[in-house]
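The values are calculated or read from the model by the stated rules, or taken from the named source; none is laboratory data. Owing to the predicted nature of the structure, the values given are computational and were not obtained by experimental measurement. Here the Cβ positions follow ideal geometry from the backbone for every residue, glycine too, while neighbour counts run over all protein chains shown.
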Amino acid sequence: MANPWAGEVEIALNGVPHLARLTLGALAELEAALGVGTLVELVERFEAGRFSTRDVLLLVVAGLRGGGWKGQVADLVAVEIGGGPVGAAQAAAQLLACAFTVPEVR
């Protein structure tokens, strides 16, 4: 189960749950892969709904790698991501939110 206090998001690959989180290394890898000057630019793209499928895929890969997954982008081509494209986009947005905010205490 994902721990939001640790910035974790659960992503299912072919029905198998994986923990994902954006570590500092994963964020640096993501910046380089997307060619963005800052992560603020990427967050703004998501907030404005101007993200591409490539943005989502690279964010999911960075999060999975930050969670210990050893795969690459090419490994996700034939994988069913839980929730399909919408689930992947939601997970990507959650990863960004978890990386830059503190969860609410209820």
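Inside the chain, counting only helices (runs of 4 or more DSSP H) that do not spill past its ends, which hold 3 or more residues that are at pLDDT 85 or above and either of a type in the set (Asp, Glu) or in contact with a strand residue (DSSP E or B) (Cβ under 6 Å, 6 or more places away or on another chain) (or both)?
53-66, 84-100
If Asn14 satisfies every condition in (1) within 22 Å of Thr101 (Cβ to Cβ); (2) exposed (fewer than 12 other Cβ atoms within 10 Å of the Cβ); (3) touching a residue at least 60 places away in the same chain (Cβ under 8 Å) but one, which is the exception?
Asn14 satisfies every listed condition except (1).
Among the numbered conditions (1) over 17 Å from Ala99 (Cα atoms); (2) of a type in the set (Val, Ile, Thr); (3) buried (at least 18 other Cβ atoms within 10 Å of the Cβ); (4) without any contact (Cβ under 8 Å) to a residue 40 or more places away in the chain, tell me where Val86 comes up short.
Of everything listed in (1) over 17 Å from Ala99 (Cα atoms); (2) of a type in the set (Val, Ile, Thr); (3) buried (at least 18 other Cβ atoms within 10 Å of the Cβ); (4) without any contact (Cβ under 8 Å) to a residue 40 or more places away in the chain, Val86 misses just condition (3).
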